[in-house]
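Step one of this worksheet: look at the structure below.
The values are calculated or read from the model by the stated rules, or taken from the named source; none is laboratory data. In this text, all values refer to a predicted model and were calculated from it rather than measured experimentally. Ideal geometry is used to build each Cβ from the backbone, glycine not excepted, and the neighbour counts take in all protein chains shown.
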Amino acid sequence: MPSMLPPAERRSVVLVTVYAALSLVLLLVGERIPAAGLRGVGAWLFAPFDRVAGAGDRLFTSWAENTQLHARVARLEVENARLRLMAAESPRLREQLGLPAWQGLSLRPVEVLALAGGDPLPNAVTLSAGANDGVRIGDAVLTSDGLIGRVSEVWPGLSRATLITDPNQAVACEVETTGVHGILRFVPTPRPRLVFSAVALADTVRVGERVVTSDLSLRYPRGVPVGRVARIATDATGLMQEIELVPAARIARLRHAFVAPGPRPPADGIPRPRLEFEPDRLTGSRAGGRAAGGDSARRAR
Amino acid sequence: MRVLGVFLFTALVALVLRSTMLAGLAARGVVVDVLVLATVAWSLRQRESWGATFGFVLGLAADLDAAHWIGRHALALTLLGYGVGRLSNTLVRDSPLTQLLLLVLATALHQVWASAFDASGGLAAVGWLAGRVALATVTTAPLGVVVLLVTQLFTRRRRYGNAPGSSAA
């Protein structure tokens, strides 16, 4: 009975009714509204404040982080020396096997300005680089520890990456040692966890093994660490394994990241997996015969 | 004009804290519901009309940031802002106990509502979601009382006052 209320109360009842109705409409049709532009304006407005808040946080933790980084640099220098020796013989071996040369990742360092999304885990981040810096939608975002997500929205000076903790993200992955393929997903309930699913029961996976992005992925560069196997169970259907992973990257402590260009779609616009380990002789670019080249082309499609 | 300035400043601080320091804490399991904290504080001071407006604006900004289920925080915080604003007319608003109870109630309601959108996995999820609601409530309510007290000390006056007609008014 709004008409029986005093004018001030009547006004507040009308106001709250309008707000509630608007919220309900947004709940119903909000997913169809193109909100990326609005988020871009918001990110641009909030970026200076996020930088200030982030600077305070960095200053507070810089001492402990500096000590850790020193230890890490020393460890990596030792490992680097070992890898240099292996790197010298790797191209020679690849050439003998007819494999294409390994393409390294070109990494662009960015600052993580803000975390967005859900409680308790964020499912998106605002990055300090945008289209002006060469960042494009689809680029992979990673830290020195491993994959964290993928660029989903790009604005001139900033961008937004959707993290692997978004339940709508899926990443084609494989177990590093055995090459067992599966799909990485984030499952928010009954408790938030990263699950490596669609792994056949016959495949052997062991606790502690490292899972990396697969070369079958259309979206991510291959070989980026994603996590380690923590627990293995059978899924609800009883036909597949459900493997829980400990994330490689620390989602709770994101300050800096790298943007790496993901595999680009071909010029004809038809996406297809490109097998990096596929021998050159099968692609028809080297001696191998027309039949082999034709077969490879058919398989690639 | 001054109210609008404080309105924008409070919303800005809440949103920046939510996307920086508190997001890092939440990922470690310590969830502070700063949206509820700010809405309750604002509604206690400015009553129901401003409370509902603040809740709606803050919730909408949080929804746009999250990109999924736009409107869920806006709806909950609008109703909470209105409810706390209405209740503040009949309560001793300067009492820490009153503030604590309001924050407990508001945080629990908001967390239950927000958790409903994440709910999947049947009964197995109920325990975890209940834990999440309880943890957020236990963390947010006492912290909120401290924040309200500190704000009161800084302004060096009764920030919230008492309900009209109450003995302490």
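Quick check: anything in region B:92-110 assigned to a loop (DSSP other than H, G, I, E, B), under 20 Å from residue A:20 (Cβ atoms) and at pLDDT below 85? The answer is no, given that none of the residues of region B:92-110 is assigned to a loop (DSSP other than H, G, I, E, B), under 20 Å from residue A:20 (Cβ atoms) and at pLDDT below 85. Of everything listed in (1) in contact (Cβ under 8 Å) with a residue 12 or more places away in the chain; (2) within 14 Å of chain B (Cβ to nearest Cβ), the single unmet condition for residue A:90 is (2). If you filter region B:92-107 down to residues that are touching a residue at least 24 places away in the same chain (Cβ under 8 Å) and buried (at least 19 other Cβ atoms within 10 Å of the Cβ), you find that the one that is nearest to the other protein chains (Cβ to nearest Cβ) is B:107.
Return yes or no: is residue B:78 facing chain A (nearest Cβ under 8 Å), hydroxyl-bearing (Ser, Thr, Tyr) and within 12 Å of the chain's Cα centre (by Cα)? So residue B:78 fits the description; yes.
Given B:50, B:42, B:69, which one is in contact with a Gly (Cβ under 9 Å, 6 or more places away or on another chain), surrounded by fewer than 21 Cβ atoms within 10 Å (Cβ to Cβ) and at pLDDT 90 or above? After applying the criteria, what remains is B:50.
Screening residue A:169 with (1) modelled with pLDDT under 85; (2) touching a strand residue (DSSP E or B) at 6+ places or on another chain (Cβ under 7 Å) gives one miss only, at (1).
In region A:47-55, the condition of being basic (Lys, Arg) and either more than 25 Å from the chain's Cα centre (by Cα) or at pLDDT below 80 (or both) is met by no residue. Just name the residue that is surrounded by the most Cβ atoms within 10 Å (Cβ to Cβ) out of those in region A:192-207 that are aliphatic (A, V, I, L, M) and more than 14 Å from every other protein chain (Cβ to nearest Cβ). Among those residues, the one meeting the criterion is A:199.
Residue check: residue B:71 meets all listed conditions (1) at the interface with chain A (Cβ under 8 Å from one of its Cβ atoms); (2) on the phi < 0 side of the Ramachandran plot; (3) under 18 Å from the mean Cα position of the chain (by Cα) but one, namely (2). Among the residues of region A:120-159, the one identified as in contact with an Asp or Glu (Cβ under 6 Å, 6 or more places away or on another chain) and either surrounded by fewer than 19 Cβ atoms within 10 Å (Cβ to Cβ) or over 26 Å from residue A:245 (Cβ atoms) (or both) is A:128. Applying the criterion of being outside any strand (DSSP E or B) and within 14 Å of chain B (Cβ to nearest Cβ) to the residues of region A:167-191, the residue that is nearest to residue A:149 (Cα to Cα) is A:169.
Those helices (runs of 4 or more DSSP H) of region B:1-71 in which at least 1 residues are among the hydroxyl-bearing types (Ser, Thr, Tyr), considering only elements entirely within it, cover B:2-19, B:34-66.
With respect to residue B:27, is the statement that it is on the phi < 0 side of the Ramachandran plot, within 7 Å of chain A (Cβ to nearest Cβ) and at pLDDT below 85 true? So residue B:27 passes the test.
If you check residue A:112 against the conditions, is it within 14 Å of another protein chain (Cβ to nearest Cβ), part of a helix (DSSP H, G or I) and either in contact with a Cys (Cβ under 7 Å, 6 or more places away or on another chain) or β-branched (Val, Ile, Thr) (or both)? No, not satisfied. Scanning region A:26-46 for residues that are surrounded by 18 or more Cβ atoms within 10 Å (Cβ to Cβ) and touching a residue at least 60 places away in the same chain (Cβ under 8 Å) yields A:39, A:40, A:43, A:46. Out of A:117, A:42, A:37, one residue alone is under 20 Å from residue B:57 (Cβ atoms), in contact with a strand residue (DSSP E or B) (Cβ under 6 Å, 6 or more places away or on another chain) and within 14 Å of another protein chain (Cβ to nearest Cβ). It is A:117. Criterion first (in contact with a helix residue (DSSP H, G or I) (Cβ under 9 Å, 6 or more places away or on another chain) and either hydrophobic (A, V, I, L, M, F, W, C) or at negative phi (or both)) does residue A:157 satisfy it? So residue A:157 fits the description; yes. You will find that of A:238, A:223, A:208, A:269, the residue that is at positive phi, at pLDDT 90 or above and in a loop (DSSP other than H, G, I, E, B) is A:208 and no other.
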